[in-house]
Amino acid sequence: MPTAEPSTVSHARSAIQQQQQQDWLENLARLGYASRGAIYLIIGGLAVLSAFGEGGKVTDSKGALSKVLESPGGWLIVLALAVGLVGYSIWRFCQVVYDPDHHGTDAKGIAVRAGMAVSGATHVLLAGWAAKVALGYATGSSGGSDGKESLVRMLMSQPFGQWLVGGLGVILVGVGVAHFLKGYKKKFEKYFTWSHDKRKVLQPICQAGLYARGVLRR
């Protein structure tokens with residue numbers, strides 16, 4: 001009975017391992033996007049309640065997670081969201097290093113990937129804060145300060161700290177503007193295959209989401 005060549009077997013094994021790694025990374029990215037989506041749903045829901053005078057308030061990601069903590073078993077939900085945010089951060093850093101979206105290495109591509117790096121870093125800090133306050137809430141201890149504020153203090157303590165913080169602010173503003181442009185130019189459409197009827201419904205929803213993301217960028 002003929003046997004496969006060693007090189008063929010090795011190639012097949014390598015292909016299987018690569019596919020498993022891709023599947024793992026894809027699932028991690030999906031979990032991260034789901035966590036971000038859940039946080040923005042909470043932010044949007046609180047804003048709507050505030051607009052109708054039903055006790056909600058306009059808040060940010062940290063405020064939304066704090067609100068979840070007040071619900072029964074909320075610390076478990078926040079802890080799960082923290083895990084998802086770590087997954088999102090890992091995906092962002094993979095985008096920076098491996099460039100799966102082919103942004104390239106020209107000035108525009110570098111700017112986009114720098115924004116992704118900042119996004120990854122800020123979500124790691126948010127995840128760390130969320131995990132800390134969730135575990136602190138469960139054990140009755142203090143959750144600590146905002147990780148982003150700690151990052152700013154750390155940068156300010158460095159030589160040229162004001163320039164570092166200013167540069168970080170410029171990048172965040174640029175990323176916010178980029179979200180507006182994505183919505184205006186409808187760049188998200190290249191990632192979808194949809195019928196004309198679905199497009200009529202989903203296109204304005206996607207645009208509104210990107211505009212809101214540009215405002216909430218932090």
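Read-outs: derived from the displayed coordinates by stated rules, not from any lab. None of these values were measured; they are calculated from a predicted model. FYI the Cβ positions are ideal-geometry reconstructions off the backbone, even for glycines, and counts take in every protein chain you see.
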Using a simple spin-label model with points 7 Å from Cα along the Cα→Cβ vector, what separation in nm is obtained for Ala34 and Ala111?
-> 3.5
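Going by how many other Cβ atoms sit within 10 Å of their own, how do Arg92, Arg36 line up, fewest first? The partial results should precede the final answer.
Working: Arg92 23, Arg36 18.
Neighbour counts put them in this order, fewest first: Arg36, Arg92.
Report the relative contact order of the range 23-121, percent, no decimals, based on alpha-carbon pairs under 8 angstrom and at least 6 residues apart. All intermediate terms of the calculation are to be shown ahead of the outcome.
Details: 90 pairs, mean separation 28.9, N = 99.
In percent, rounded to a whole number, it is 29.
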Going by how many other Cβ atoms sit within 10 Å of their own, how do Trp129, Trp75 line up, fewest first?
-> Trp75, Trp129
What lysines could a cross-link reach from Lys62, if we take a straight Cα to Cα line under 17 Å and drop same-chain neighbours fewer than 8 places away?
-> Lys132, Lys148
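If I take R0 = 41 Å and measure r between the Cβ atoms of Phe52 and Thr139 in this structure, what FRET efficiency does the formula 1/(1 + (r/R0)^6) give, to the nearest 0.05? Don't skip to the end; give the middle numbers.
Numbers: r = 36 Å, r/R0 = 0.88.
Rounded to the nearest 0.05, the efficiency is 0.70.
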